[in-house]
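**Q** What follows is a structure written as structure tokens; I'll ask about it next.
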Amino acid sequence: MLQASGIAKSYGGNDVLRGLSLDVERGELISIIGPSGCGKSTFLRCLNFLEHPDAGSVRIEDVTLACQGSWSRANEAQAHRLRAHVGMVFQSFNLFPHRTVLENVMMAPIQVKRVAREQAQAIACELLEKVGLGAVKERYPDRLSGGQKQRAAIARALAMKPSVMLYDEPTSALDPELSEEVLSVMRALDEDGMTQIVVTHDMRFARAASDRVLYVEGGEVVESGDPDLMFADPKDARTRRFLRTLL
Ligand SMILES: Nc1ncnc2c1ncn2[C@@H]1O[C@H](COP(=O)(O)OP(=O)(O)OP(=O)(O)O)[C@@H](O)[C@H]1O
Ligand SMILES: [Mg+2]
């Protein structure tokens with residue numbers, strides 16, 4: 001359902017991404033791991049054109065956008081269509097502080113999709129129950145724990161009915177216990193058949209929850225495959241070195 005190919009990006013002569021490709025099947029949970037600065041966040045941001053790749057193409061569902069040279073108005077319109085299929089969750093939650101949790105989740109469907117207020121509220125309440133926040137939906141974000149904020153951010157992304165969820169280190173700002181609350185929501189979504197791509201430093205989660213792991217280094221996919229196989233017996237010397245320093 002998602003196909004990225006040959007994604008390249010450089011910043012002022014620094015080749016951050018050297019042609020990354022990724023094919024994702026519906027319902028897969030994919031973890032992207034790799035050393036700091038290897039381009040994981042840049043790649044994730046290129047998948048929904050928050051960052052414009054220098055070259056490469058992305059297809060999500062029936063929307064394809066190929067990049068070559070300058071960024072045009074037509075590209076932007078196509079990127080807009082493509083983003084409608086994508087939910088994104090960041091390390092820092094990015095909730096609106098002056099809105100309750102419920103309002104945070106209702107906002108985009110009302111403003112962007114013109115969903116009727118009553119219906120948006122019903123959807124939001126259902127999603128907040130699902131992520132375990134039914135009891136705190138009238139609170140403002142500053143009265144939530146980090147784990148609760150992140151679950152609210154996930155509910156907010158889900159309210160737009162994306163076909164794929166992208167997460168950039170969703171738990172790295174959280175204590176282990178609060179991380180677990182967030183990871184279990186992601187596991188539940190996986191069981192529901194959601195397609196998810198997660199950039200993570202949490203190797204335990206990458207190994208236990210993913211269908212597939214991508215190891216990225218030097219702007220390339222060095223190795224990808226079944227998490228148990230890769231963690232137990234990495235094929236590439238670079239993957240071995242990375243995993244050895246971590247474990
Ligand atoms: N807007 C930018 N302008 C210039 N350089 C950038 C920009 N964004 C990222 N970079 C550089 O691109 C490289 C990859 O950055 P990126 O944030 O994608 O790495 P990462 O793998 O997500 O790292 P981390 O694990 O620390 O989050 C880094 O060298 C970074 O300094
Ligand atoms: Mg990053």
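**Q** From a point 7 Å beyond the Cα of residue 55 in the direction of its Cβ, which residues of segment 214-247 have a backbone N at a distance under 18 Å?
**A** 218-221
**Q** To continue, here is another question. Select from 65, 34, 107 the residue farthest towards the positive end of the dipole of segment 1-113; place +1 on Cβ of Lys and Arg, -1 on Cβ of Asp and Glu, and compute about the Cα centre.
**A** 107
**Q** Further, regarding this structure: Quick check on my link table: of 40/137; 113/137; 130/161, which ones sit more than 24 Å apart, alpha carbon to alpha carbon?
**A** Over 24 Å Cα-Cα: 40/137.
**Q** Relative to the longest principal axis of the C-alpha atoms of the chain, give the angle of the C-alpha long axis of helix 176-191, reported between 0 and 90° and rounded to the nearest 10°.
**A** Orientation of helix 176-191: about 90 degrees from the principal axis.
**Q** Among rounded, prolate and oblate, which fits the chain when a ≥ b ≥ c are the square roots of the eigenvalues of its C-alpha gyration tensor, a/c under 1.5 means rounded, and a/b larger than b/c means prolate?
**A** Because a/c hits 1.5 or more and a/b fails to exceed b/c, the chain counts as oblate.
**Q** Rank-order 9-19, 141-151, 77-87 by packing density, defined as the average count of other C-beta atoms within 10 Å over each peptide's residues, highest first.
**A** Per-residue Cβ counts within 10 Å, averaged per peptide and sorted highest first, yield 141-151, 77-87, 9-19.
**Q** For the chain, what is the calculated [θ] at 222 nm in deg cm²/dmol (nearest 500), taking -39500 (n - 2.57) for each run of four or more DSSP H residues and dividing by its residue count?
**A** Helices in the chain give a 222 nm mean residue ellipticity of -12000 deg cm²/dmol.
**Q** Then there's this: Give me the distance in nm between label points sitting 7 Å out from Cα along the Cα-to-Cβ direction at residue 241 and residue 92, one decimal.
**A** For the pair residue 241/residue 92, the computed spacing is 3.2 nm.
**Q** In debye to the nearest 20, how big a dipole does segment 94-161 give about its Cα centre with +1 on each Lys and Arg Cβ and -1 on each Asp and Glu Cβ?
**A** Using Cβ point charges on Lys, Arg, Asp and Glu, segment 94-161 gives about 160 debye.
**Q** Quick check: at a probe of 1.4 Å, how many percent of the accessible area of segment 127-247 sits on carbon and sulfur atoms?
**A** 47
**Q** With just the Cα atoms defining each centre, how far is segment 24-56 from segment 180-247? Give it in Å.
**A** The two parts, judged by their Cα centres, are 13 Å apart.
**Q** Here is a follow-up. Please say if segment 94-161 is rounded, prolate or oblate, where rounded means a/c under 1.5 for a ≥ b ≥ c the square roots of the C-alpha gyration tensor eigenvalues, and otherwise the choice is prolate for a/b larger than b/c and oblate otherwise?
**A** prolate
**Q** Roughly speaking, what is the centre-to-centre gap between segment 62-140 and segment 164-179 when only Cα atoms are used, to the nearest Å?
**A** 18
**Q** Mind running the shape call on segment 56-137? Use the C-alpha gyration tensor, a ≥ b ≥ c as the square roots of the eigenvalues: rounded below 1.5 for a/c, prolate if a/b tops b/c, oblate otherwise.
**A** Since a/c reaches 1.5 and a/b is larger than b/c, the shape of segment 56-137 is classed as prolate.
The values are calculated or read from the model by the stated rules, or taken from the named source; none is laboratory data. The shown structure was predicted, so the numbers you read here are calculated from the model rather than taken from an experiment. When we count neighbours, we look across all protein chains shown, and the Cβ atoms used for this are built from the backbone with ideal geometry, even at glycine. Just the protein is used for accessible areas: all its heavy atoms, side chains included, with ligands, DNA and RNA removed. Shrake-Rupley method; radii C 1.70, N 1.55, O 1.52, S 1.80 Å.
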